[in-house]
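*Asks:* What follows is a single structure, and I will ask about it in a moment.
Rule-based calculations on the coordinates, nothing more; no lab input. Just so it is clear, the model here is predicted, and its values are computed rather than measured. Methodologically, a virtual Cβ is constructed for each residue, glycine included, from the backbone with ideal geometry; neighbour enumeration extends over all protein chains shown.
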Amino acid sequence: MNAFAAAVLYALAWAVARLPWAVLRALADGMAHVWWRLDAREARVARRNLELIRPELDATAREALLLGILRTTTRQAFETLRLWTRPAARNLRDIVEVHGEALFDAAVQSGRGLIVAAPHMGNWELLNQWLAKKTPLAILYRPPESAIGEAFLRRVRANADGDVEQVRAEASGVRTLLKRLQKNGVVGILPDQQPKAGEGEFAPFFGKHALTMTLLGRLANRSGATVLLCWCQRLPGNGVPKFALHVEAAPSAIADADPQRAVTALNAGVEAVAQRDFAQYQWTYKRYTLRPQGSGEGNPYAGL
């Protein structure tokens, strides 16, 4: 039943993705404006994040930036439908700039293992397809609450042209990643999702403490693997989306044995990526829900 429902969702995604990009862009921009006008959940969360980390903005500047964030969010959603339902080889032609590929190739060939830290910046689904074309890899993911949703994600992410193992974010999955790294393999991790209480440490992120995963640092420390920051950044323009893919060395302290130093370095690296184009980062996510014990702070998203 789940597989059938996922197939139906895929058919719908395929049909929508066949529309001309000019139509999809108009739909995306219209949806963003509706979200903003109706103060939808995405608008409320992004606005609260701006209030938390960009308090210097006046109301007019904040709302202008908010609308830009919503527009990039909706455009990315329609872009992703195209990426999920077209051949990966076709999708990769939308990457017109690659920066740091030699760094990536050297890390793969080093025999140390490689951890790709891929922040929620630009279009990470296109990044996945580029990585799969370059090398076999395992990607850690947090499964949706819906079994149908998970079946759908597994189907569309299998569209990548290469050897990609999708690993659930659970204890057995972590062991799978460590074994792959110890055999000099490549793993991909989205490093900026808030972990469960007890599975992370607090560290500054855009000036406000955020609970941050210690998993990436532990894997790097135990395996000795190289850590690279990678992201696919959307280039300016209203035509068919084109992207620049970036590969950069992560801060070395990410692999520090001290988890506090490791997560501080991780957040600094992700923040530097997000600063490249602030509106392309995923600000519709509740990044600061859990607060440090004893801080007296409540959930800043309560009531949204």
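*Asks:* Cα-Cα over 27 Å: which of 134/183; 134/242; 133/242; 133/196; 133/183?
*Replies:* Correct reply: 133/196.
*Asks:* Suppose we keep just the alpha-carbon trace of the stretch 154-217; what are its Rg and Dmax in angstrom?
*Replies:* 14.2, 39
*Asks:* Taking the Cα centre of each part, how many Å lie between the stretch 101-137 and the stretch 225-304?
*Replies:* Distance between centres, Cα-based: 17 Å.
*Asks:* Anyone know which of 233, 129, 109 comes out most mobile in the 10 Å Cα GNM of the chain?
*Replies:* Maximum fluctuation in the GNM of the chain, among the listed residues, is at 109.
*Asks:* Around residue 23, with a cut-off of 13 angstrom between Cβ atoms, what is the net charge of the other residues, counting Lys and Arg +1 and Asp and Glu -1?
*Replies:* Working: positive: 18, 25, 75, 82; negative: 29.
Within the 13 Å Cβ shell, the charges total +3.
*Asks:* If each residue's Cβ is checked for other Cβ atoms within 10 Å, how do 209, 246, 99 rank with the fewest at the top? Don't jump to the answer; show the numbers that get you there.
*Replies:* Details: 209 17, 246 21, 99 12.
Least crowded to most crowded, the residues run 99, 209, 246.
*Asks:* Where the centroid of each part is defined by its Cα atoms, how far is the stretch 156-219 from the stretch 38-92 in Å?
*Replies:* Taking the Cα centre of each part, the stretch 156-219 and the stretch 38-92 sit 23 Å apart.
*Asks:* So what's the stretch 77-122 giving for Rg/Rh, alpha carbon basis, Kirkwood Rh from the mean inverse pair distance?
*Replies:* Checking Rg against Rh, the ratio lands at 1.05.
*Asks:* Which order, highest average first, do 132-138, 79-85 follow once you tally other Cβ atoms within 10 Å for each residue and take the mean per peptide? Mind dumping the intermediate values first?
*Replies:* Working: 132-138: 17.7, 79-85: 21.7.
The peptides rank, most packed first, as 79-85, 132-138.
*Asks:* Figure the gain on full extension for residue 99 and residue 172 (residue separation times 0.36 nm, minus the Cα-Cα span) and round it to one decimal in nm.
*Replies:* Values: separation 73, 0.36 × 73 = 26.28 nm, distance 3.42 nm.
Stretched fully, the residue 99-residue 172 segment lengthens by 22.9 nm.
*Asks:* Among the DSSP beta bridges whose two residues both lie in the chain, what percent are antiparallel, rounded to the nearest 5? Don't skip to the end; give the middle numbers.
*Replies:* Numbers: 14 of 34 bridges.
Of those bridges, close to 40 percent are antiparallel.
*Asks:* Now a separate question. Rounded if a/c is under 1.5, else prolate if a/b beats b/c, else oblate: with a ≥ b ≥ c from the C-alpha gyration tensor eigenvalues square-rooted, which is the stretch 1-127?
*Replies:* Numbers: a/c = 2.05, a/b = 1.21, b/c = 1.69.
Because a/c hits 1.5 or more and a/b fails to exceed b/c, the stretch 1-127 counts as oblate.
*Asks:* I'd like to know which of 131, 5, 190 lies farthest towards the positive end of the charge dipole of the chain, counting +1 on Cβ of Lys and Arg and -1 on Cβ of Asp and Glu.
*Replies:* Final value for the positive-end residue is 5.
*Asks:* Quickly estimate the mean residue ellipticity at 222 nm for the chain, helices only: each DSSP H run with n ≥ 4 gives -39500 (n - 2.57), and the total goes over all residues, rounded to 500.
*Replies:* Details: 11 runs with 146 residues, N = 304.
Helices in the chain give a 222 nm mean residue ellipticity of -15500 deg cm²/dmol.
*Asks:* Hey, fewest Cβ within 10 Å first, where do 211, 38, 266 land in order?
*Replies:* Numbers: 211 23, 38 9, 266 31.
Least crowded to most crowded, the residues run 38, 211, 266.
*Asks:* Let me ask something else about it. Under 5 Å between amide hydrogens, which residues at least 5 positions from residue 166 or on another chain qualify, with H placed 1.01 Å from N in the peptide plane?
*Replies:* Close amide H contacts, sequence-distant or interchain: 139.
*Asks:* Something else: Using each residue's phi in the stretch 113-121, evaluate 6.51 cos²θ - 1.76 cosθ + 1.60 at θ = phi - 60° and report the 3J(HN,Hα) Karplus result to the nearest Hz, with x for Gly and Pro.
*Replies:* x, 9, 10, 8, 8, 10, x, 6, 10
*Asks:* Would the stretch 185-304 count as rounded, prolate or oblate if I go by the C-alpha gyration tensor, calling it rounded below 1.5 in a/c and otherwise prolate when a/b exceeds b/c, oblate otherwise? If you can, show how the numbers build up before the last one.
*Replies:* Values: a/c = 2.30, a/b = 1.14, b/c = 2.01.
Since a/c reaches 1.5 but b/c is at least a/b, the shape of the stretch 185-304 is classed as oblate.
*Asks:* Next question, about the same structure. Using the number of other C-beta atoms within 10 angstrom as an exposure proxy, rank 304, 65, 70 with the fewest first. Numbers along the way, then the final one.
*Replies:* Numbers: 304 13, 65 18, 70 26.
Ordered from fewest to most neighbouring Cβ atoms within 10 Å, 304, 65, 70 come out as 304, 65, 70.
*Asks:* Shifting gears a bit: Can you give me the distance in nm between label points at residue 58 and residue 1, each placed 7 Å from the Cα along the Cα-to-Cβ direction?
*Replies:* 5.7 nm
*Asks:* Now, a different point. Binning every alpha carbon pair distance of the chain at 10 Å from zero, what are the percents per bin?
*Replies:* 6, 26, 36, 26, 7, 0
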